[in-house]
1. Got a sec? Charge dipole of region B:1-116, +1 on Cβ for Lys and Arg, -1 for Asp and Glu; which of B:A44, B:V55, B:L12 is way out at the positive end?
2. Within 10 Å of each Cβ in A:64-73, how many Cβ atoms from other chains are there, averaged over the peptide?
3. In the P(r) worked out for the protein assembly as shown, what percent of Cα pairs fall beyond 43 Å?
4. In deg cm²/dmol, rounded to 500, what helix-only [θ] at 222 nm does the protein assembly as shown give when every DSSP H run of at least 4 residues adds -39500 (n - 2.57) and the total is split over its residues?
5. Rounded to the nearest 0.05, what FRET efficiency do A:N3 and A:E84 give with R0 = 25 Å and r taken as the Cβ-Cβ distance? Could you check?
6. May I ask for the distance between the Cα centers of region A:8-29 and region A:61-130, given as a whole number of Å?
7. Considering only A:S88, B:A185, A:P5, whose Cα is most displaced toward the positive end of the charge dipole of the protein assembly as shown, charges sitting on Cβ of Lys, Arg (+1) and Asp, Glu (-1)?
8. Students often get this wrong: which residues of region B:67-107 have the backbone nitrogen under 13 Å from the point 7 angstrom along Cα-to-C-beta of B:E258?
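The numbers here are math on the coordinates, done by the rules we state, and not lab data. Just so it is clear, the structure is predicted and the values come from calculations on it, not from any experiment. Backbone-built Cβ (ideal geometry, glycine too); neighbour counts: all protein chains shown.
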Amino acid sequence: MANIPAELRYASTHEWVRSEGDGVYTVGISEHAQELLGDMVFIDLPDVGDDIDAGDDCAVAESVKAASDIYAPLSGEVVEINEELEDSPEQVNSDAYGDGWMFKVKVSDESELENLLSAEDYAATIEEDE
Amino acid sequence: MTQQTVLHQAHLDAGAKLVDFHGWKMPINYGSQIEEHHAVRQAAGMFDVSHMTIVDVQGEQAQAFLRKLLANDVAKLTVKGKALYGGMLNHEGGVIDDLITYYFSETDYRLVVNSATREKDLAWINQQASDFAVSITERPELAMIAVQGPQAKKLTSAVLDNDQNLAIEGMKPFFGVQAGDLFIATTGYTGEQGYEIVVPQDKAVALWKALEAQGVQPCGLGARDTLRLEAGMNLYGQDMDESVSPLAANMGWTIAWEPQERDFIGRKALEEQKAEGTDKLVGLVMETKGVMRAGQAVTVVNEYGEALPGVVTSGTFSPTLGQSIALARIANCDVEEALVEMRKKQVKVKVVKPVFVRNGAKV
């Protein structure tokens, strides 16, 4: 069973979000997702300043196995991206919840958070898949 | 029913992630396929290839039979242990399988064929053999371990006994020799030096563990695929199959046209294909971000300005080159670039010879 930190919220499409305060949320993909995808080779991130809508494909994680869309879990403006992933996409594999973070979004509507899953509920969706 | 090789527990011990591969539970990786890939290019890695099918062909007419069965000519083999790569074709000139033939004598040969094609291969071989005085013996009791990389020979040597080391001393590429319990061949599927070792099942785990203790990295099918693709080696079922001519699969060099009177299966069809012209297999290199994948549409523009369709047969990220490489079947024209349709965009890529890496270095 992959690690699913209790303090994060999750999308059913395997993204996680962490509150950084002031309405800013960090976004990445779950340990389970990186395990499914295998070694990352390219991560295509949005640009800082992009407006993204919850549910839109806004990034691409390309692994040895496949290219996978990353969907915006929340709506808002991209305020920072993890530039280290340009040269070190393997950080998504080695530290999915830490150094493997992808971008930060200043959300426009914090109530969207309620559409995301708790760690427990996300764990249940993974079990259904398996 | 999914089969397991005799090394199944050893894979689990090494942390393997297993996948179903044509009816076999096989390791896809033991953590990171890219690290396994680099281990083979820079040091030594090993692969469980026990799922591959070993078939011994023996008898008075063994040579005559194989000269009929295979598009390459086993009469070229005159030195004991020498190996030959080539295709086994159907009457229409399509590739039933690609395989390696080892020569021991004109009455004694060993074939190593793909596992995915085992049943149809055996059915075809037995059917064709009915007119010849030969015996066809599958050897399922034998396991096989490939040890590959610049340090593969040295590290393997450390786990062999003196007689075995004497038997393989100075062995040239593409040879095999029976050394005690082991059949040791200087063949492989990575573009590196090394051995493929055929070992009785009851000795396979001990050999695997001994190699592991020498620091040889266990490698899965993921690394096997990126290594063979960098080396420009075909994968049956992807780069060619029964609907594809060997001439369109970079296997023209494995067809022995001489002597003309040798009537191998598929010859007539191949001669017609050759006269008419066929597609060709080329290499593609992508210098921008992204990874080419099998099945993607390719377009090339010939000297008359006509846009001609092609297809990516194998595509991957090359860990050695740090960019995407692919094999593609395109129209037979001289072009330096092609367009590949990726995620609804047309991406320009370079067209090169279908080989990218040999002995650790860019070709």
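1. Projecting each Cα onto the dipole axis, the largest value belongs to B:A44.
2. Across the residues of A:64-73, the mean count of other-chain Cβ atoms within 10 Å is 3.
3. The answer is 24 percent, as a whole percent.
4. On the way: 13 runs with 108 residues, N = 493.
Result for the protein assembly as shown: -6000 deg cm²/dmol, rounded to the nearest 500.
5. Values: r = 21 Å, r/R0 = 0.84.
The computed FRET efficiency comes out at 0.75.
6. 7
7. In the protein assembly as shown, that residue is B:A185.
8. B:76
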